[in-house]
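The block underneath contains the structure these notes are about, expressed in structure tokens.
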Amino acid sequence: MARSAANPMKWKSLSSMSTRKYVVADPHVQGAILRRVVLYALAAVLYYCVVLFFSVYASDRDGTQADRWIALLDNAITWLPGLCVLGPIAAYDLLSTTNRFAGPVCRLRREMKLLIDDQSPAPLRFRDKDHWCEMADLFNELREEMLELREHAKQNAADRSAASAEDLAEVLI
């Protein structure tokens, strides 16, 4: 139970069929994916800058150095605004796409914790466009079986308690 105290997510405050209100469902997983994409984007920008430098700045020996820098910036101005506009859009789209698999795993993890704590109020459901929807069905089967076993164990404990009370009454009489 020490794990739940260290876990920053508030498991019980989220419903199992929540409509997503956050951009990031699992910061650890989605952050790693986003960092990789940013790394690749920076590598592509660096590659483009090197190619631009050698094709414009280093190859034009006729003009002054200021003319070459102006030509370099003139070529860069055509792709820089697009990068500034499309970069955040691509990052948001990537996070939205990864939410389709990170969200179900987060909800599954939360529901498993609730089931362990014997506080699973309803079957797990994923949204229509989420990936791995069959996990919810499998989890719900396990959940039902576990709840039945717990109920059966409580019934057995109650029967044993009643039987031992009767045995104790017979001994005392």
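Can you spot a residue in region 96-109 that is touching a residue at least 24 places away in the same chain (Cβ under 8 Å), among the aromatic types (Phe, Trp, Tyr) and closer than 28 Å to ARG35 by Cα? Checking region 96-109: at least one residue is touching a residue at least 24 places away in the same chain (Cβ under 8 Å), among the aromatic types (Phe, Trp, Tyr) and closer than 28 Å to ARG35 by Cα. When ALA66 is tested against the conditions (1) over 42 Å from the mean Cα position of the chain (by Cα); (2) modelled with pLDDT of 80 or more; (3) surrounded by 10 or more Cβ atoms within 10 Å (Cβ to Cβ), the lone failure is (3). The single condition among (1) within 21 Å of LEU34 (Cα to Cα); (2) in contact (Cβ under 8 Å) with a residue 24 or more places away in the chain that LEU124 does not satisfy is (1). Taking the conditions (1) at pLDDT 85 or above; (2) assigned to a loop (DSSP other than H, G, I, E, B); (3) surrounded by fewer than 15 Cβ atoms within 10 Å (Cβ to Cβ); (4) under 23 Å from the mean Cα position of the chain (by Cα) in turn, ASP118 satisfies each one other than (4). From the list ALA44, ALA58, ALA91, ALA76, the one residue that fits, being under 30 Å from ARG125 (Cβ atoms) and of a type in the set (Gly, Ala, Ser), is ALA91. Within the set LEU46, LEU95, LEU42, the sole residue that is at negative phi, in a helix (DSSP H, G or I), at pLDDT below 85 and out of contact with any Gly (no Cβ under 7 Å at 6 or more places or on another chain) turns out to be LEU95. Counting residues in region 18-35 that are more than 30 Å from ASN140 (Cα to Cα) and either modelled with pLDDT under 80 or surrounded by 13 or more Cβ atoms within 10 Å (Cβ to Cβ) (or both) gives one or more.
Tell me yes or no: at least one residue of region 128-136 is part of a helix (DSSP H, G or I) and either of a type in the set (Ser, Thr, Tyr) or loosely packed, with under 14 Cβ neighbours inside 10 Å (or both). Show your work before the answer.
Filtering region 128-136 down to residues part of a helix (DSSP H, G or I) leaves 134-136.
Still in the running and either of a type in the set (Ser, Thr, Tyr) or loosely packed, with under 14 Cβ neighbours inside 10 Å (or both): 134.
Within region 128-136 (the criterion being part of a helix (DSSP H, G or I) and either of a type in the set (Ser, Thr, Tyr) or loosely packed, with under 14 Cβ neighbours inside 10 Å (or both)), the answer is yes, since at least one residue qualifies.
Taking the criterion of being of a type in the set (A, V, I, L, M) and either more than 34 Å from the chain's Cα centre (by Cα) or exposed (fewer than 11 other Cβ atoms within 10 Å of the Cβ) (or both), the residues of region 45-58 that qualify are LEU46, VAL50, VAL51, LEU52, VAL56, ALA58. Does PHE126 fit the bill of being under 30 Å from ARG143 (Cα atoms) and of a type in the set (Phe, Trp, Tyr)? Criteria met by PHE126.
The values are calculated or read from the model by the stated rules, or taken from the named source; none is laboratory data. None of these values were measured; they are calculated from a predicted model. Heads up, the Cβs are rebuilt from the backbone with ideal geometry, glycines too, and the neighbour counts pull from every protein chain shown.
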